[in-house]
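Visitor: The structure that follows is given in the form of structure tokens.
The values are calculated or read from the model by the stated rules, or taken from the named source; none is laboratory data. Model, not experiment: these values are computed from the prediction. Neighbour counts run over all protein chains shown; Cβ positions are idealised from the backbone, glycine included. Only protein heavy atoms, including side chains, enter the accessible area calculation; ligands, DNA and RNA are left aside. Shrake-Rupley method; radii C 1.70, N 1.55, O 1.52, S 1.80 Å.
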Amino acid sequence: MKIIITFIVFCISLSTFAQKDLNRNGRIDVYENENNSIDLRVLDLVTQMTLEEKIGQMCQYIGWRTSEKETKNEDLKVNYKFSTHDAIDLLKEGKIGSFLFVENQKDCNILQQASFESRLGIPLLLAIDAIHGNGMTKEGGTIYPTEIGMASTFDIDLVEKIAAQTALEMRSIGYHWTFSPNIEVVYDYRWGRCGETFGEDPFLVGQMGKAMIKGYQGSLDQTNILACAKHFVGGGISNNGYNGSPADISERTLKEEFFPPFQEAVKAGVYSIMPAHNEINGMPCHMHESYLNDMIRKDWGFTGLYVSDWMDMEKLYSIQKTVSSETEAFEKSVNAGLDVHMHGPKFLEAMIQLVKEGKVQEKRINEAATIIVKSKFELGLFENRLTKRQNVKETVLKKEHRETALEAARKSLVLLKNNNVLPLKKDNNKIFITGTLADNQAMLGDWAIPCDKTDVITPLAGVKQSLNKTSTVDYLDMGSIFSMKDSLIKEARDRAEESDVVVIVVGEHGQRNQKPNYQTLGENVDRPVLCLRGKQKELIKAVHQSGKPIILVLIGGGPIAIPWEVENVDAIIQAWEPGMYGGKAIADVIFGDVNPSGRLPFTIPRSVGQLYNHYKLKPSSYARGQFLEQARTPLYPFGYGLSYTSFEYEIIEYSKSISTSDDVHVKIKVKNIGDKIGDETVMLYVNDIISSVATPIKELAAFKRISLGVGEERVVEFTIKNKQLSFLDKNMKRIVEAGDFELMLEGSNRVKLKEIFNAY
Ligand code: BGC
């Protein structure tokens, strides 16, 4: 068979010979002819590749210029010998398939230019962590709210649009692969990466992840990029919330809660998956063959590529201690299914040796090389690997993208409390604004290097821009979270007394690349408490003594537990990390130019003691236990969020009786009965009232965000898929059990409606 295919390939090769210019080998190969099918081109190319070239495709290195600075990095100190010079040489020798974090367009082009000179001229895949916009490149990029804010919008189309715009900006510079979306379900809010995720609910996380994948990958052409669903799995419930520490999760919880978003991603055709740093029930994710290979590839049908996380193959030896050498680590990872090795100098030689010794089959290397080069054909890189400066200028930060960033920021803000103090008047108002995060770039969140100041509207700038001339703004900079001075706290109280109203902007500083100890949350920056850190609460208490109304704005990529503040301030806006125009969006909500509409994708606890108080608790969670110092209920439930208007609901039609294999259809009427235009997210939950295995008291089954004018009403139709009524029975088999189910609807004004239907 192989001989026949090779013969056909050879014939086609001859037939195309005359059509094009000869390549550097003095011929035009099948893989070089864009008129041939991708499968044929891939086959031709892989057939021509040496073992070393195939393994070379599996090698990814940290960006070229960046790599010179990175020699200081702890991970690289030992045996690090990868310099600019080496990179170009290795590339020409066909020993590199991919880079991550190339800093700018010029460097992308220099590297791609060098790739022409390798024996087969295979282009590079250039990757970057464009997590909420392309925030890590020196070229600049539109910075949207982080995922926690995107999830709060409950706006699937918007999230898809953000991803598509990010893809456009990336491609214009020369990047083709983002390590996004992070679709981990989060239970432990101490984990610094909550802000990178879509929250605690697997259904919401799955829907958001799917939208992002669609936006990034589109139909995989010159305007699209590869998405990467990460990190598989369990980082959101790791020991102590430390990034990468072990996670012990029951099989049931894995299957019910943590796997579903990844299953959705595979169904959506995600091109790559990154295993998690952590081990799961004792087995490191980077060598978890039964998950990566047997379950995800074979059972779920994943056809894309696995990329290791940053030197995590090596960490099987250096940290997790499950293998006795780095070489064995490479062996175990690649045999478990890993295709791309993210950074490190030893992989190539070690892998060649492993194949020679028969410890890794060449077939496995062929599979990896095939999928990697296939992605390059699909992205059109063989025809188009270089980019033009003009395109960068026209695409990066273009008007339409900036508008989306503002729209997303506006839709992501969650109004948690309002004692009728909001919206504020723009005229004749003396506003005092203070806090640690009122006038810096913390609002950009992690995975964004500092932006040009002219591209960012901070809360202070937003408030100033919104006010009319008859009003004044007084601002007091409180310094960073862990260095607030007592004298400034006292001054804040005094200046509050001179004002009509105070806006305090506090929370967590998530943006990276800051001074040491400046970043308080993010990757590898976890937290021991969930309350406001440093002296931020003291600041609020001091200002509270002034007796002036306080509007508290919370910035940060994770829930903040603030029961005292909830009792004592007049309004609270949970702004998460709203991106480059976050300050404008915050001011728009404060002054009523925008009606707040975000809803919580996380349950907000009262303290760190309520860590696992997510909304999908089982019925007995509420039966006995209690803390003497605090109520059992969370501070704010999942899905919470106020509006300046009010909505009325009616469940007008639903399937009252279904068979256990049917879907459920529901029609809901929603009416805006307030005096302001507003957006509402209709959320429908379902509960299997009695089940033979304990199941959650409610599960989000459907949601839709709609806009309603004053007095306007709309009918929203939902279909709850049969699978959404199912659970894993005592034999771990998925079933829908006959019996009564509850349909529950919760509105932003806390209206709760309930109906019962029966499955027979
Ligand atoms: C993170 C990944 C990221 C990778 C490359 C790792 O430390 O865990 O999420 O994609 O670095 O930057």
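Visitor: Within region 695-716, can you find the residues that are polar (S, T, N, Q) and either under 22 Å from V205 (Cβ atoms) or under 25 Å from the mean Cα position of the chain (by Cα) (or both)?
Guide: Listed by number, the list holds a single entry, T695.
Every residue, every condition in (1) of a type in the set (G, A, S); (2) within 16 Å of the ligand (Cβ to nearest atom), yes or no:
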residue: S483; (1), (2): yes, no
residue: R493; (1), (2): no, no
residue: D500; (1), (2): no, no
residue: V505; (1), (2): no, no
residue: G510; (1), (2): yes, yes
residue: K535; (1), (2): no, no
residue: A542; (1), (2): yes, no
residue: V553; (1), (2): no, no
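Visitor: I need every pair where a residue in region 738-752 that is closer than 15 Å to P696 by Cβ has its Cβ under 9 Å from the Cβ of a residue that is of a type in the set (A, V, I, L, M) and outside any strand (DSSP E or B), sequence separation at least 6 or different chains.
Guide: F741/I689; F741/L725; E742/I689
Visitor: Sort through G141, G121, G149, G135 and tell me the only one that's modelled with pLDDT of 95 or more, away from the ligand (no atom under 16 Å from the Cβ), assigned to a loop (DSSP other than H, G, I, E, B) and open to solvent by less than 10 Å² (accessible area, probe 1.4 Å).
Guide: Sole residue among the options that is modelled with pLDDT of 95 or more, away from the ligand (no atom under 16 Å from the Cβ), assigned to a loop (DSSP other than H, G, I, E, B) and open to solvent by less than 10 Å² (accessible area, probe 1.4 Å): G121.
Visitor: If a residue has to be more than 16 Å from the ligand (Cβ to nearest atom) and either closer than 19 Å to V159 by Cα or buried (at least 24 other Cβ atoms within 10 Å of the Cβ) (or both) to count, how many in region 206-236 make the cut?
Guide: Residues that pass the stated criteria total 13.
Visitor: Condition first: part of a loop (DSSP other than H, G, I, E, B), crowded, with 24+ Cβ neighbours inside 10 Å and more than 14 Å from the ligand (Cβ to nearest atom). Can you find one or more residues in region 307-322 that meet it?
Guide: Looking through region 307-322, none of the residues is part of a loop (DSSP other than H, G, I, E, B), crowded, with 24+ Cβ neighbours inside 10 Å and more than 14 Å from the ligand (Cβ to nearest atom).
Visitor: Within region 656-689, can you find the residues that are within 24 Å of F757 (Cα to Cα), in contact with a Ser or Thr (Cβ under 6 Å, 6 or more places away or on another chain) and among the aliphatic types (A, V, I, L, M)?
Guide: Listed by number, the list holds a single entry, V664.
Visitor: Given the criteria farther than 30 Å from G641 by Cα and open to solvent by 60 Å² or more (accessible area, probe 1.4 Å), does K399 qualify?
Guide: So K399 fails the test.
Visitor: Continuing with the same structure: Take A575 and tell me if it is buried (at least 24 other Cβ atoms within 10 Å of the Cβ) and either of a type in the set (D, E) or assigned to a helix (DSSP H, G or I) (or both).
Guide: no
Visitor: Further question: Of the residues that sit in region 722-753 and are of a type in the set (D, E, K, R) and loosely packed, with under 12 Cβ neighbours inside 10 Å, which one is farthest from the chain's Cα centre (by Cα)?
Guide: My answer is K730.
Matching residues to (1) open to solvent by less than 30 Å² (accessible area, probe 1.4 Å); (2) assigned by TED's automatic domain parsing to the domain that holds R493; (3) farther than 24 Å from F198 by Cα; (4) in a loop (DSSP other than H, G, I, E, B):
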{"site": "V543", "(1), (2), (3), (4)": "yes, yes, yes, no"}
{"site": "G547", "(1), (2), (3), (4)": "no, yes, yes, yes"}
{"site": "L552", "(1), (2), (3), (4)": "yes, yes, no, no"}
{"site": "E565", "(1), (2), (3), (4)": "yes, yes, yes, no"}
{"site": "K584", "(1), (2), (3), (4)": "no, yes, no, no"}
{"site": "V589", "(1), (2), (3), (4)": "yes, yes, no, no"}
{"site": "P601", "(1), (2), (3), (4)": "yes, yes, no, yes"}
{"site": "R624", "(1), (2), (3), (4)": "no, no, yes, yes"}
{"site": "R632", "(1), (2), (3), (4)": "no, no, yes, yes"}
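Visitor: Can you name the residue in region 242-276 that is under 23 Å from A368 (Cβ atoms) and of a type in the set (G, A, S) and is also nearest to the ligand (Cβ to nearest atom) among such residues?
Guide: A276
Visitor: How many residues, within region 462-485, are closer than 28 Å to D129 by Cβ and open to solvent by less than 30 Å² (accessible area, probe 1.4 Å)?
Guide: Within region 462-485, residues that are closer than 28 Å to D129 by Cβ and open to solvent by less than 30 Å² (accessible area, probe 1.4 Å) number 3.
Visitor: Output the residues belonging to region 159-191 that are under 11 Å from the mean Cα position of the chain (by Cα) and either part of a helix (DSSP H, G or I) or of a type in the set (A, V, I, L, M) (or both).
Guide: Hits for region 159-191 are V159, A163, I183, V185.
Visitor: Residue check: is I489 in contact with a helix residue (DSSP H, G or I) (Cβ under 8 Å, 6 or more places away or on another chain), part of a helix (DSSP H, G or I) and farther than 30 Å from R599 by Cα?
Guide: So I489 passes the test.
Visitor: Return yes when N517 is at pLDDT below 95, within 19 Å of the chain's Cα centre (by Cα) and open to solvent by 60 Å² or more (accessible area, probe 1.4 Å) and no when it is not.
Guide: no
Visitor: Any residue in region 186-202 that is out of contact with any strand residue (DSSP E or B) (no Cβ under 7 Å at 6 or more places or on another chain), more than 15 Å from the ligand (Cβ to nearest atom) and free of Cβ contacts under 8 Å to residues at least 60 places away in the same chain?
Guide: Yes - at least one qualifying residue is present in region 186-202.
Visitor: Would you mind stating whether L338 is within 16 Å of the ligand (Cβ to nearest atom), part of a loop (DSSP other than H, G, I, E, B), surrounded by 21 or more Cβ atoms within 10 Å (Cβ to Cβ) and not small (G, A, S)?
Guide: Yes; evaluated as a whole, the condition is true for this residue.
Visitor: Just to be sure, is H277 assigned to a helix (DSSP H, G or I) and either in contact with a strand residue (DSSP E or B) (Cβ under 7 Å, 6 or more places away or on another chain) or under 21 Å from I128 (Cβ atoms) (or both)?
Guide: Spelling it out, it is not the case that H277 is assigned to a helix (DSSP H, G or I) and either in contact with a strand residue (DSSP E or B) (Cβ under 7 Å, 6 or more places away or on another chain) or under 21 Å from I128 (Cβ atoms) (or both).
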